[in-house]
1. Return yes or no: is B:A267 over 18 Å from the mean Cα position of the chain (by Cα) and either away from every other protein chain (no Cβ under 14 Å) or part of a loop (DSSP other than H, G, I, E, B) (or both)?
2. Identify all residues within the stretch B:4-54 that are within 11 Å of chain A (Cβ to nearest Cβ), touching an Asp or Glu at 6+ places or on another chain (Cβ under 8 Å) and at pLDDT below 90; write none if there are none.
3. Which residues, taken from the stretch C:1-45, are under 20 Å from B:D286 (Cα atoms), basic (K, R) and more than 9 Å from chain B (Cβ to nearest Cβ)?
4. Given the conditions (1) in a loop (DSSP other than H, G, I, E, B); (2) modelled with pLDDT of 70 or more, and given that B:F142 satisfies all but one, which numbered condition is not satisfied?
5. Here are some conditions: (1) buried (at least 16 other Cβ atoms within 10 Å of the Cβ); (2) assigned by TED's automatic domain parsing to the domain that holds C:N137; (3) not in a loop (DSSP other than H, G, I, E, B). C:L35 meets all but one. Which one does it not meet?
6. Within the stretch C:44-66, identify whether any single residue is at positive phi and touching a Lys or Arg at 6+ places or on another chain (Cβ under 7 Å), and answer yes or no.
7. Collect the residues in the stretch B:69-107 that are more than 18 Å from C:V341 (Cα to Cα), among the polar types (S, T, N, Q) and either surrounded by fewer than 16 Cβ atoms within 10 Å (Cβ to Cβ) or in contact with a Lys or Arg (Cβ under 7 Å, 6 or more places away or on another chain) (or both), keeping them in residue-number order.
8. Out of the residues in the stretch B:145-169 that are closer than 17 Å to C:I139 by Cα and of a type in the set (A, V, I, L, M), state the one that is modelled with the highest pLDDT.
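The values are calculated or read from the model by the stated rules, or taken from the named source; none is laboratory data. All figures in this text were calculated on a predicted structure; none of them were measured in a lab. Positions of Cβ are backbone-derived with ideal geometry, glycine not excepted, and every protein chain shown enters the neighbour counts.
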Amino acid sequence: MEEKVIVCKDLTKQFGDFCAVDKISFDVSKGEIFGFLGANGAGKTTAMRILCGLSYPSSGEATVAGFSVKNQQESIKKNIGYMSQKFSLYENLSIRENIEFFGGVYGVSRKDIRERSDNLIQDLGLQKEANKLVGGLPLGWKQKLAFSVAIFHRPKIVFLDEPTGGVDPVTRRQFWDMIYDASASGITIFVTTHYMDEAEYCNRISVMVDGKMEALDSPANLKKQYATDSMDEAFYKLARGARRSGD
Amino acid sequence: MRNLGFLLQKEFRQIFRDKTILAMMLALPIIQLMILPWAMNLDIKNINLSIVDNDHSSYSQQLITRIGSSGYFRIISADRSYKEALVHIENGSSDLIMELPAGFERNLVREGKQNIGISIDAINGSKASIGGAYLASVISDFNADLAINQMEAPDYKTTPMGFMEINFSNWYNPLAEYKYFFVPGVLVLLLTMIGGFMTALNIVREKEVGTIEQINVTPIKKWEFILGKLIPFWIIGMIVFTIGLLVIRAVYGISSVGSLPLLYIVAGTYMIALLGFGLLVSTFCDSQVQAMFVAFFFILIFILMSGLFTAVQSMPHWARIISVLTPVSHFIKIMRMIMLKGSGFPDILIELGYIFSFALVLNGWAIWNYRKTS
Amino acid sequence: MKELWVFIRKEFKQVFRDPRTLLIMFGLPVAQIVLFGFALTSEVKNIDILIADNAKDIMSMQITDKIRANSYFIVQEKNIGGADIDRKFKEGSVQAVLIFPTGFSNDLMHEGKAGVQIITDGTDPNTAKTIENYLTNIISNYQREKFPSASLRYQILTEPRMLYNEEDNGSMNFIPGVMALILMLVCTALTSVSIVKEKELGTMEILLVSPFKPVMVLVAKAVPYFILSVINFTFILLLSVFLLHINIKGSVLLLYLESALFILTCLSLGLLISNATNAQQTALLISMMGMMLPTIILTGFIFPLENMPWILRTISNLVPSKWYFLIIKSVMLKGLGFQYVWKETLILVIMTTVLLTIALKKFKIRLQ
């Protein structure tokens, strides 16, 4: 039995009358690459924010790395990494300074910070830019850097919210290589996206439609289920009844 | 604690990297401190006077000469009628009109009483009304010195019955120089703006850009984050305060009569209160524009009701309560008390108590409001 | 033209999308003006005076009563000496001390004169002077009543008339200045972020590739704020008239036109600031924090401009609110017509033109 790092049961989030996340239940095993799909406005980001400890659930339960999202958010945060849609590094700090800061607040020792950041900078090929401000970097590098910073402290799980927005296909491919590497080293990947081709890269995916989870399976199975060769088609068949659009 | 170290490292790096913000926080206040107080002068002088002399007698001549030589007034016109004189008031070239009726001298001698009309441009605020009071007192002196009065009541000047001699003295400011009054206050205002605006903007900026979410998802504790924001700006505030005191000494020649360490303790507490205010504003606002306008609303109220520009004591009761509820008025009071009068700790205890309570309440509320999870 | 209209509509929508910000931007200034109208005064009231009556005879007590009866004073009585007086001043519990010497009435009756000592806290020179004036008046009035022979045989009486403010409305003193101040700061700040925001968000590119002429962009950005500010000004006027009982003596139309012009000047200044900086933070700090004190002081509604050193007087000529302040005083409170304010109006027109031109130039440069 694989260790479950995320367990979700009837998780719900309401904003007044509006039900953003409607009783979703699923779990994620250690080391999985779990894709969290859905159209804009389907509730993906809201659900993810609850799992990250950024938002309280209205009802239902979930545990992340063994800690409850209802009252153990701080413990959750010690064990996860996060990369938001905006990449959220400090634009007016250099690459090294960003790494130093985030590594430090996650408890990595100064010695380790130095070692690991040297390696990281080398791996990304950013030696010449190491002391330049992040704000001046091209989008693709920012994105890879943000991901590296998110897993710098070797968290159990890393949450990625639409991490590949606006970058070219080559960079996206390279990015997913990085994700594979992380997964191979034991980090569980929880990624939201609306790029259907990326869905193929995941071990399992779920599809949210209007706040509800309408599908939960491996890409292969889903394609079989909807009798199609492309995830695009499968998704379209699933989601075309959706009423909400736009985040 | 460790996180606090990393936070401070990041904050200082960011602050020093942004030269414009640094300039706003250091250079701008100091420049304003050096320049603006020179403009703050409430002396009433060069009161512009238009005279309508319908009498053209020797008395009216004497009176006019006397007024002219009093030093307070500038007789800018001699008009033939009140209507003509009014034009000067309308176009702002004159603050007062004095009108001497026809037959002034003759009627004064015959009937023992005469009226001189003084018209004051009430829109011109204190200058005109105080000017009117000066004019009345020059006229009254002229009245007393009139030969007819001297002759008729020879006793008046030598042994007047019940003449009360008033002896005025002005303590702590023998030359009645305005700078003693205003300069410490201006420094307080500048500090207020730094403390109030900067933290509010800074934190809301992180909200807008998204880096606050990144912070909220880390194990950084709430108090660590807040301290990480307060400490750098507190230090900058104290630096500005120190430079400010040096500037005050160098440019205005004012140095503190009272204890400097005491002054610093108060300034330090005050900064904490103001930073707490900025922090509190930031918890309520989502955008920099909002934060700015909200902070502006309160800070302008703080400034205008602080007692620096207008006396708090003269305000209506409810307004005085508002003034008491602003931290600025208390600090300005303390600044004056310590710097100019040399007041000691027991004297400022109450005011310091106010500031301390503000620091506690504002920061406490802000901390309570700030949510890592929403 | 049609494209411009579309653009303006889009700007409007963006502004209205955020009701909270709208309320803050426009509601707060109105509240401020009312607050200050009621609270600020240049009069001196509620004076804490300590009377040290060493005589405690008829006349000293009568004078004390007169002072007590005067609504401007709050009287404390105590017999204290020099060091204690210093203490009281330092505590801040008194602003003035009046000392009657022992044998006060005696001296008056038998020697014909007596001295009275008044000590004021000079840290606030203006208040000190005013307190001295008040006390002098009370004492001389008493003297005149008590000793009519001490008054003059031939009396010149003066009856001061307060022009334009017969009703002695205290708000008149500060409202025009506060209006000029708040309109200036708020309107400048409103537009100061308009262009910078687009730069920060990255939507500037869209504007730059559009067929819009640069001047249309600036105009479209200013229009919603212009209209909202004029509406806001209306609220301010209504509140001034009905709550603060200020009569608009002059032409309301002229007042509106002048105010609209002034708002335009401020919006132009904001646009210029917006063009000159790259971060919202900087723009806001300049237009609010940087401009606050200089505007308060150099508009001339608290400190007389003629008292300032000539450098500062010259600089104050560059401050738009100074001219608007003069215009409001003349039109709203004195009821004067355009012929009295054409000079100030012209200056505002020139300022607006210059500011807009520079803003446009800078904007065009950015396009290159």
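1. Working: over 18 Å from the mean Cα position of the chain (by Cα): yes; either away from every other protein chain (no Cβ under 14 Å) or part of a loop (DSSP other than H, G, I, E, B) (or both): yes.
So B:A267 passes the test.
2. Selection gives nothing.
3. Scanning the stretch C:1-45 gives C:K13, C:R17.
4. Evaluating B:F142 over (1) in a loop (DSSP other than H, G, I, E, B); (2) modelled with pLDDT of 70 or more leaves (1) as the failure.
5. So C:L35 meets the others, but not (2).
6. No, because not a single residue in the stretch C:44-66 is at positive phi and touching a Lys or Arg at 6+ places or on another chain (Cβ under 7 Å).
7. Result: B:S69, B:S70, B:S81, B:N107.
8. Once the filter is applied, the top-ranked residue is B:I166.
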